[in-house]
Amino acid sequence: MTDSYQVTTLIVLIGFMSILFYMVYKSRVSTDSLEVYAVGNRSFSPLSVALSLAASITSAATFIINPGFIALYGLSAFIAFGVVMPFAIYAALIIFIKRFRKYGMDVKSISIADWVGKRYDSRPLKILFGFLSMLLITFIVLICVGMTKVVSKALDANELTILILIVVVVFTYMMIGGANTMVYTNSVQAILMIIVAVLLLGSGSDILFKSGGEGFLFQLDQIDTSLTATFNEQSPLFRDFFEVVVCNTLVGIAIVCQPHILTKSLLIKKDDQVNRFLLYTVVVLVLFFSVVLVGFYARLSFPDLMFNGAPLKMDGIVSAYVLHRFPVYVGIVVILGLLAAGLSTLEGLIQSIPTTITNDFIVPIGEMAHLKTAPMKINKGVTVIVGILAIVLSYDQLVNPSLSVGIFAQNGVYAFFSAAFVPVFFGIFTKTRNKWIPIAASLVAILTHFGVYYLELTPYMEGMTIKNPAIASALALIASTVTGLTIYVINPMNKNVHAYARP
């Protein structure tokens, strides 16, 4: 890698961040309202919100981290992350978004914790989810690690320095702009991601279709026969039908219950725009999820998983492939797109997590203690604390990962949406006001998820150095759903769901 390449890359990155800061300045809303900060002024087009949502759902995980799983474990990983999970997400978006939006608009919710608290008229439930939202900090860590790997490799720079710069810059402009900034910047990032997705998918077409589909599978089979197996018994994550299909279907459905995903529907001003918004979202998502094919390209390019004489870590495989495969200036564009993929979701998380912690955990507790609170000031302080945690935890994952930062992030994120699934599902598909359904189901989900994972329950977990969070999440979803249904059958407490009282 030449010095001129690094200098050019640095100039392009500075230019890109300057554009984002300009958009922050132009789109910022001067307000002391946490609601406006969280959901903006709802004056966005269906396409801009769809681009923002598609970018938020896929992020650095799809563009940078998940292809690494496919490079290591082959076809079984692709079926899980490139077929099963995406289709479950499409179905869940179409089914959940309209109903969530309807109730969300009725009660002016700004987060999932706020929504479930109002939906079930329960302050304790709102506080519980405000607390549980802290688990999503693990997702911030995943994105920070992914972006740090890409940028530090491109600039040949120290990873800690790059990590700190990324966190400081992005957290700063999100504190200024909020939801309005996020939608505009996400739209630009999504357009860049579309360009890069096409470049990445096209980059390996000669490898993938060298002798037709059979030639591609034959090449993988020559490297390792487990790479072409539907289920990879040698992997810790894709060993059988339950892990590959059942777990990823359940996870894909439940993944939509994250606050930075469902609350995007509240940014649409008119109900008659929702169908177009969903269509645009799914079309763009199909392209984005296809990017995991790059994992195959990378493994065929690095059969022994070595690059420049050094072994590749899973989270660095995509970065190495970009530097290996693309000419200098095209490579810079791809690097910019990978950075945009991370920023798109990171912005949504920075906007939603501190807002949820502030609005749904700190402020209600303060009100219960009869303390005077200033939500916007608290929100800024929480954002700073989350930023510091992101740096500390991300650096630990850079230095000492367990296979991949993806495992660390999945453990936290999967636990959250396993807990959120029953409250959201019953909230939008039933008329029950029984607050014990979401409370009991959520607690069962959390206890099951972390119990299965850390106590190594089930044969899938016993004696495993690398454990699969999807197993813990799937079992947690099943246990919590059974709990919720049992309570619902015994005591549904059906009432008019529009008569909410603010918790």
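Consider S226 carefully, then state whether it is within 30 Å of G130 (Cα to Cα), at pLDDT 75 or above, in contact with a Gly (Cβ under 9 Å, 6 or more places away or on another chain) and not β-branched (V, I, T). Break it down into steps so the answer makes sense when it comes.
On the way: within 30 Å of G130 (Cα to Cα): no; at pLDDT 75 or above: yes; in contact with a Gly (Cβ under 9 Å, 6 or more places away or on another chain): yes; not β-branched (V, I, T): yes.
No: the conditions fail for S226.
Would you confirm whether any residue within the stretch 117-135 is at pLDDT below 90, assigned to a helix (DSSP H, G or I), over 15 Å from the mean Cα position of the chain (by Cα) and within 17 Å of A254 (Cα to Cα)? Among the residues of the stretch 117-135, not one is at pLDDT below 90, assigned to a helix (DSSP H, G or I), over 15 Å from the mean Cα position of the chain (by Cα) and within 17 Å of A254 (Cα to Cα), which makes the answer no.
If you take the residues in the stretch 173-223 that are surrounded by 15 or more Cβ atoms within 10 Å (Cβ to Cβ) and of a type in the set (S, T, N, Q), which one is modelled with the lowest pLDDT? In this case the residue turns out to be N180.
When you scan the stretch 269-352 for helices (runs of 4 or more DSSP H) that lie fully inside it, which ones turn up with 2 or more residues that are under 24 Å from P401 (Cα atoms) and either in contact with a helix residue (DSSP H, G or I) (Cβ under 6 Å, 6 or more places away or on another chain) or of a type outside the set (D, E) (or both)?
Qualifying helices (runs of 4 or more DSSP H): 294-301, 317-325.
Of the residues L293, L312, only one is surrounded by fewer than 23 Cβ atoms within 10 Å (Cβ to Cβ), within 18 Å of A60 (Cβ to Cβ) and modelled with pLDDT of 90 or more; which?
L293
Is the stretch 232-241 home to any residue that is touching a residue at least 24 places away in the same chain (Cβ under 8 Å) and in a helix (DSSP H, G or I)? No, every residue in the stretch 232-241 fails to be touching a residue at least 24 places away in the same chain (Cβ under 8 Å) and in a helix (DSSP H, G or I).
All conditions in (1) surrounded by 17 or more Cβ atoms within 10 Å (Cβ to Cβ); (2) farther than 18 Å from G130 by Cβ hold for P459, with the sole exception of (1). Screening the candidates L266, L262 for the property of being in contact with a Lys or Arg (Cβ under 8 Å, 6 or more places away or on another chain), among the aliphatic types (A, V, I, L, M) and crowded, with 19+ Cβ neighbours inside 10 Å yields one hit, L266.
Residues in the stretch 394-422 that are part of a helix (DSSP H, G or I) and among the polar types (S, T, N, Q): S394, Q397, Q410, N411, S418.
None of F63, F87 is in a helix (DSSP H, G or I), buried (at least 22 other Cβ atoms within 10 Å of the Cβ) and modelled with pLDDT of 85 or more except F63.
The values are calculated or read from the model by the stated rules, or taken from the named source; none is laboratory data. All values derive from a computational prediction rather than experimental measurement. As a convention, Cβ positions derive from the backbone with ideal geometry for all residues, glycine included, and neighbour counts pool all protein chains shown.
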